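S.K.: Below is a structure I'd like to ask you about.
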Amino acid sequence: VQLQASGGGSVQAGESLRLSCTASAKISGVQVRAWYRHTPGAQREMVASIRGGGTTYYADSVEGRFRISRDIRKDQIFLQMDSLNVDDTGTYYCFMKSPWRDYWGEGTQVTVSS
């Protein structure tokens, strides 16, 4: 099973992007769906996550600006990113965790210019 992320691009500060991630096949028992990002000069960090029961988590840097959602039936996750700033520039990866293994997407690039 592969995760395919899309929706990245180059935008101006203050604009929005919506990332999507789709699994190539059904993944059973997904416990956590999340988005990570790797920004220049920093380690990969979790940006947002949503657990099976619907509980969400957001990094402090994106709280109030980003929103994670999911379509369980279609094995999709989304990240709505509003009020983007230059610090949001990086490669974004989708992630799904099942009881048996972790799944990572290949990443989609987000570039925000001032």
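The values are calculated or read from the model by the stated rules, or taken from the named source; none is laboratory data. These numbers come from a predicted model, not from an experiment. Because the Cβ atoms are built from the backbone with ideal geometry, glycine has one as well, and the counts that use them run over all protein chains shown. Quick note on the areas: whole protein, heavy atoms, side chains included, nothing else; ligands and nucleic acids left out. Shrake-Rupley method; radii C 1.70, N 1.55, O 1.52, S 1.80 Å.
S.K.: Looking at S69, S83, S20, S10, can you tell me which residue is of a type in the set (S, T, Y) and assigned to a loop (DSSP other than H, G, I, E, B)?
M.R.: Values: S69 fails: assigned to a loop (DSSP other than H, G, I, E, B); S20 fails: assigned to a loop (DSSP other than H, G, I, E, B); S10 fails: assigned to a loop (DSSP other than H, G, I, E, B).
Matching residue, one of S69, S83, S20, S10: S83.
S.K.: R18 - would you say it is open to solvent by 20 Å² or more (accessible area, probe 1.4 Å) and farther than 14 Å from D87 by Cβ?
M.R.: When the stated conditions are applied, R18 passes them.
S.K.: Taking the condition of being closer than 19 Å to I27 by Cα, exposed (fewer than 14 other Cβ atoms within 10 Å of the Cβ) and not small (G, A, S), how many residues in segment 50-72 meet it?
M.R.: Here the count works out to 2.
S.K.: Another question, then. Sort out which residues of segment 23-66 are of a type in the set (K, R), part of a loop (DSSP other than H, G, I, E, B) and within 21 Å of E106 (Cβ to Cβ), and write them in order of number.
M.R.: Going residue by residue through segment 23-66, those that are of a type in the set (K, R) are 26, 33, 37, 44, 51, 65.
Remaining after also requiring part of a loop (DSSP other than H, G, I, E, B): 26, 44, 65.
Correct list: K26, R44.
S.K.: Of everything in segment 105-114 that's over 13 Å from S20 (Cα atoms) and surrounded by fewer than 20 Cβ atoms within 10 Å (Cβ to Cβ), which residue is nearest to the chain's Cα centre (by Cα)?
M.R.: Going through the qualifying residues, I end up with T111.
This table checks each residue for (1) β-branched (V, I, T); (2) farther than 22 Å from W100 by Cβ.
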{"residue": "A5", "(1), (2)": "no, no"}
{"residue": "E15", "(1), (2)": "no, yes"}
{"residue": "I27", "(1), (2)": "yes, no"}
{"residue": "V47", "(1), (2)": "yes, yes"}
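S.K.: Out of D88, D102, D75, report the one residue that is within 15 Å of the chain's Cα centre (by Cα), without any contact (Cβ under 8 Å) to a residue 60 or more places away in the chain, open to solvent by less than 40 Å² (accessible area, probe 1.4 Å) and closer than 16 Å to V1 by Cβ.
M.R.: D75
S.K.: Examine segment 80-96 for a residue that is of a type in the set (F, W, Y) and either over 20 Å from V11 (Cα atoms) or modelled with pLDDT under 95 (or both), and state whether such a residue exists.
M.R.: Checked segment 80-96: at least one residue is of a type in the set (F, W, Y) and either over 20 Å from V11 (Cα atoms) or modelled with pLDDT under 95 (or both).
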